[in-house]
Amino acid sequence: MTRVFGIYQPFPDAVDDITSDAQERYPEESCGFVVDGKYVPKKNKADNPTKGFVIDGRTYVAAKKKGLQAVVHSHTRKQLKHPSEADMQQQIAMNVPWGVLWSDGDGDILGPAWWGDQLETQPFVGRPFIYGIYDCFSLVRDWYRVQHNIIFRDFARKADWWLLGENMYVDHFKECGFFQVSEQDLRPGDAFMSRFARGDTTQHAGIYLGGNQVLHHLISKSSRRDTLSSWAKYVTHWVRHKEQTKTNNWIGLT
């Protein structure tokens, strides 16, 4: 059974061929390109194709000349049901959309799900949770990019990075153009970082929309608006982007 997770299929004519290829190649990872809206399977040249995929570099070059639209590959039974950190790193480096799907070898396939700034941004409310594609960081980043044309770098990230000695939000918010403000100085369009799950690290983020409302995306939940009063106790940092100080026309509610 194929279940298409995510809420966006930019290449609907390719989905059946992508999922069929993943099922046929199991337990190896399938891989290929989308060109002209169609799936083009490619040989997996990894030393161990059950744990990763490699496509010959010359094949990439040839595909780009033909109008490469996306790279897509499968994960298998014992692997992640979302992009790995390496997947995210390669997508950022290649600057083209990527897709991932998951197969258990018994006909149950989940996906594909797609990510990359080149794709249409999805609605802020109601996104399913898919780590690395639709999560709290991607929601914050998309919100600033769409609402205010503020683009800051994406980060390839491990699952449960906050339990592995990393502190992505606190370590990088200044690099992304944010500075810390007090709750008393809060304005619509400010962002928050919070700590409420396992571990002692700040591991969640969202947007203050004004009117006692925040926008955020919790693990295993759909993205949503919530009341600020129910989340303020978890906030460790309120931050504002430097571009917000340049104009008074800054709308938070969306």
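Taken together, the values in this text are just the output of simple stated rules run on the coordinates, not laboratory data. Values in this document were obtained by computation on a predicted structure and should not be read as measured data. Because the Cβ atoms are built from the backbone with ideal geometry, glycine has one as well, and the counts that use them run over all protein chains shown.
Here are the numbers:
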| quantity | calculated |
| --- | --- |
| Cα-centred dipole magnitude for the chain, charges only on beta-carbon of K, R (+1) and D, E (-1), debye, nearest 20 | 400 |
| Entries in K45/K66; K65/K158; K64/K221; K43/K78; K45/K78; K51/K221 that, when Cα-Cα distance is taken, lie over 27 Å | K65/K158; K64/K221; K51/K221 |
| Using alpha-carbon coordinates, inclination of helix 136-148 to the longest axis of the chain, degrees | 70 |
| Candidates S229, S20, S138: whichever shows maximal mean-square fluctuation once the chain is modelled as a Gaussian network with Cα springs under 10 Å | S229 |
| Descending semi-axes in whole angstrom, ellipsoid equivalent of the range 138-200, from the Cα gyration tensor | 22, 16, 11 |
| The chain: relative contact order as a whole-number percent, Cα under 8 Å and 6+ apart | 16 |
| Per-residue ³J(HN,Hα) for the range 234-242, Karplus 6.51 cos²θ - 1.76 cosθ + 1.60, θ = phi - 60°, Hz, x for Gly and Pro | 8, 6, 9, 9, 9, 9, 10, 7, 4 |
| Highest-MSF residue in the chain out of D47, D226, D117 [GNM, Cα springs under 10 Å] | D47 |
| Helix-only CD estimate at 222 nm, as mean residue ellipticity for the chain, using -39500 (n - 2.57) per DSSP H run (n ≥ 4) | -5500 deg cm²/dmol |
| Cα-projected label distance for F179 with T245, points at 7 Å along beta-carbon direction, nm | 0.2 |
| Cα-Cα separations in the chain greater than 30 Å, expressed as whole percent | 32 |
| Cβ-defined net charge surrounding V239, 15 Å radius [Lys, Arg +1; Asp, Glu -1] | 0 |
| Over the range 136-246, equivalent-ellipsoid semi-axes from the Cα gyration tensor in Å | 20, 17, 14 |
| Exposure proxy ranking, count of Cβ atoms within 10 Å, fewest first, for V125, V239 | V125, V239 |
| Selection from W115, N149, Y60 lying farthest towards where the dipole of the chain points positive, charges on Cβ | N149 |
| Packing-based exposure ordering (other Cβ within 10 Å, fewest first) of R240, R77 | R77, R240 |
| Beta bridges by DSSP in the chain, antiparallel share as percent, to the nearest 5 | 85 |
| Among G67, G52, G99, residue whose mean-square fluctuation peaks in a GNM of the chain (springs only between Cα atoms under 10 Å) | G67 |
| Beta bridges by DSSP in the range 1-117, antiparallel share as percent, to the nearest 5 | 65 |
| Of every Cα-Cα pair in the range 31-99, the percent that sits beyond 15 Å | 53 |
